[in-house]
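Just so it is clear, none of the values below were taken in a lab; they were calculated from the coordinates. Note that this is a predicted model, so its numbers are computed, not measured. Positions of Cβ are generated from backbone atoms using ideal geometry, with glycine treated the same way; all protein chains shown enter the neighbour counts.
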Amino acid sequence: MPPREGTTATPPATTAPATTLPPAVTPPEAAGPTIREIIDPEETKRLKELAASRRREAQQILDQVARRNLSQAKREVIPKISSFITSSVEAENKGDVRTADLLAERAQILARDLLNAK
């Protein structure tokens, strides 16, 4: 229908120009092979056994204190200990036995402190 006299025709709706999206950002690939410490097989075995022993002790303490009525502050330490135990297992599974042992040691220390805290 033609526009009436004295009115202007409304131009047809235009669509906004399509905007181009930037390419998806991908994380850079590793620059090279991962560098790892070479540990003697006997030392590896020793560290694995030590880490397992520390994790076992920490878990036993957690099981023991679970039956106690703990303060809020002491209850907040329990997830940290569990996290160290889990991280230790993950590190060992990745072949990083030294880190696995250090994480297990942290779990053990926190668990002992929790057990001995008054």
#### Entry: Ranked list, fewest to most other Cβ atoms within 10 Å of each Cβ, for R67, R98, R112
R67, R112, R98
### Query
Using the Cα atoms as the points, what is the convex hull volume per residue of region 41-116 in Å³?
66 Å³
### Query
Tell me, L114, L102, L70 in order of fewest to most beta-carbon neighbours within 10 Å?
L70, L102, L114
#### Entry: region 41-116: relative contact order as a whole-number percent, Cα under 8 Å and 6+ apart
46 percent
## Note on the structure
With 0.36 nm assigned to each residue of separation and the Cα-Cα distance removed, I109 to Q60 gains 16.4 nm
